[in-house]
Amino acid sequence: MSAGQAGPAHSPLVLEPIPSLAWPRLLKLGATGLAVDFRDRHRDPALRKRPSAHALDPRLHQPIFIIGSPRSGTTFLGACIGRMPEVSYHFEPRLTKAVAGRVYDGSWSERRSRRLFRTSYSTLLLAALHGGRRFAEKTPENSFLVPFLATAFPDAQFVHIIRDGRDAAVSHAEKPWLTAAAGGAGRRGPAGEPRGPYPRWWVEPDRGEEFMAVPDIVRAGWAWRRFTEAALEGLSTLAPERVIEVRYESVVSDPMATAQSLGEFLGASAAGQEGLRAGLANASKTSVGRWRKMLGEQEIADVEQEIGPMLTRLGYATESGTHVPEQPGPGPEGGPPRMSLGEKRRAD
């Protein structure tokens, strides 16, 4: 597949500077984000909701964070949760997405970060006239911010969706976000991030040049590994009632069981449970195992060299090894391992 294209070896691309995040830039991101949020919510009839009974209540009650690597199913799962009448769903807020790197590396204080996140979310809630509903969003970069978010929003719940990293990599490499071909064009993503093979803030500091040089498909797999391991590490210290792990493959193979477990975790109303079932029923079975058709033997070997240990940890069989039983992420310190949705169904 074309996803195997590598970055230039002899004429390395120069990383374009990320725009500063001074107040004018932050205000512009916030205003643009409000307009985009309104547009996106009204594109999907299932997400259109009447003003709530407490439309102008800015308080954030039990927010829901859907996290996971890009192209792991966060968009689909977020839209399904957004069908719940008690939820106000807001995709990927541009303002908080743009500052995620500053929060992660500590260049912003926790107080400043907390104030911006809470203000941004409350503003989106009020603009939608959804006060009193549970705020929900699905920014993948939040996978790196779990400790911060868990502290800033003590009653928040986290839904972590995990997909086979090879399928996620194939889907990711089909987008221009990290591809070598997108480099040098000066195009940027919605939060201002340059498109191309450039090392992002989440890439290991000592591996930036390597990140630019590897094939697109490996770079996409690299992203899956970093987002997944960050989410697992951050979630491991939280109480079980705050976290649920959802396997993409389970969503596809048994959407009704997934809806039941997810609804129970979120405390869904009867209408909310019905919304989850209606949304998850649209899961596409053709999206599982695409990597076997799309990747050549060498590409599979290259990807598994980068993400193989994480695939094995999560119970996905690799081409170079044997399948191991599904291993859930670690539970809270001192507690038993956290159960995945698949394990909970088997236990029941």
Range of Cα positions in the range 129-186 per principal axis (Å), largest first: 44, 29, 22
Leading residue at positive end of dipole, the range 20-347 (Cβ point charges), from 55, 232, 221: 55
Isotropic mean projected area of the C-alpha convex hull, the range 208-278 (nm²): 6.6 nm²
The chain: antiparallel DSSP beta bridges as a percent of all, rounded to 5: 10 percent
For the chain, size of Cβ-based charge dipole, Lys and Arg +1, Asp and Glu -1, in debye: 1480 debye
Sequence ranges 114-126, 139-151, ranked by mean other-Cβ count within 10 angstrom, highest first: 139-151, 114-126
Cut-off under 5 Å, modelled amide H: who pairs with residue 67 long-range: 159, 160, 161
Hydrodynamic radius (Kirkwood) for the range 45-157, which is based on Cα pairs only, to one decimal in Å: 14.2 Å
More than 29 angstrom apart: percent of Cα pairs within the range 20-347: 36 percent
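Read the figures in this text as sums done on the coordinates, not as results from a lab. Computed from a predicted structure; not experimentally measured. Glycine gets a Cβ as well: all are built from the backbone with ideal geometry, and neighbour counts include every protein chain shown.
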